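The values are calculated or read from the model by the stated rules, or taken from the named source; none is laboratory data. Please read all numbers here as calculations on a predicted model, not as lab measurements. When we count neighbours, we look across all protein chains shown, and the Cβ atoms used for this are built from the backbone with ideal geometry, even at glycine. Areas reflect the complete protein model, heavy atoms only, side chains present, ligands, DNA and RNA absent. Shrake-Rupley method; radii C 1.70, N 1.55, O 1.52, S 1.80 Å.
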Amino acid sequence: MDVNKNFLIVLADDDLEDKVTFEDIVSSLVADIDVVTFEDGEKLLHYLLKPENQVPDLLFLDMNMPCKDGLQVLEVVKKSQRLKDIFTVIYSTSDNPSFIDRSYELKADGFIKKTPDTQDLKRMLLQTI
C-alpha cells in the first residue's frame, strides 16, 4: 500500500441506515481510515475497475443490492488480477447457510451477519479490521 494513502475500507450496501451506522462505528474504532460507500454493486464495480482508483484494503459487500448483488460483485473481484487479494467480507442480514457456503466458494474471506446491536457490530468490525 502507498504510505501516503490511508487504509481504505469500501462498503457496498443499499440501506442508508446500515451505511451510516457502519461508517460511524468504523470512524470511532480507528483513526486514519477512509470509508467509501456505494449503494449498489454496479456502481462499486465501476469504481473498482478503474485503474486510477485506490484498491481498497478491505471490502464489505451486502448480499442483497440492486443491479449487482454481493455475490456477483465478489465473483468479479476474485477473478480480477488487480482486485483478487482484497480482503472481502460478505455483510448481510441473511445467515442462510447456502448463501454463506456460496460466499466461501467464491473466495470470500469472511461473513458477518448484520445485527441491530451496535456493540456486537462494533466488536465484529474491530475483529475484522
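Things worth noting here:
- Here the chain is assigned +1 on the Cβ of each Lys and Arg and -1 on the Cβ of each Asp and Glu. Its dipole about the Cα centre then comes out at about 480 debye.
- For trypsin sites (Lys or Arg not before Pro), the sites in region 47-129 that DSSP calls loop and that have at most 14 other Cβ atoms within 10 Å are ARG82, LYS84, LYS107.
- Shown is the FRET efficiency for LYS50 and GLU23, computed with R0 = 22 Å from the Cβ-Cβ distance and rounded to the nearest 0.05: 0.50.
- Carbon + sulfur, % of accessible area of the chain - ligands and nucleic acids excluded, 1.4 Å: 48
- Of all the options GLU23, GLU105, GLU42, the one that moves most in a Gaussian network model of the chain with Cα springs shorter than 10 angstrom is GLU105.
- Average Cα contact separation per residue, the chain, under 8 Å, 6 or more apart, as relative contact order %: 23
- Here LYS5 and GLU105 are evaluated by their C-beta separation; at R0 = 35 Å the FRET efficiency comes out at 0.65.
- Under a model in which nothing but the beta-carbon of Lys, Arg (+1) and Asp, Glu (-1) is charged, region 53-129 shows a dipole of about 200 debye around its Cα centre.
- Surface per residue (accessible, 1.4 Å probe) for the chain, Å²: 54
- Remark: the LEU126-LYS78 segment gains 14.9 nm on full extension, using 0.36 nm per residue and subtracting the alpha carbon distance.
- Compactness check for the chain: Cα Rg over 2.2 N^0.38 Å is 0.98.
- Helical mean residue ellipticity (222 nm; -39500 (n - 2.57) per DSSP H run of 4+; nearest 500) of the chain: -12000 deg cm²/dmol
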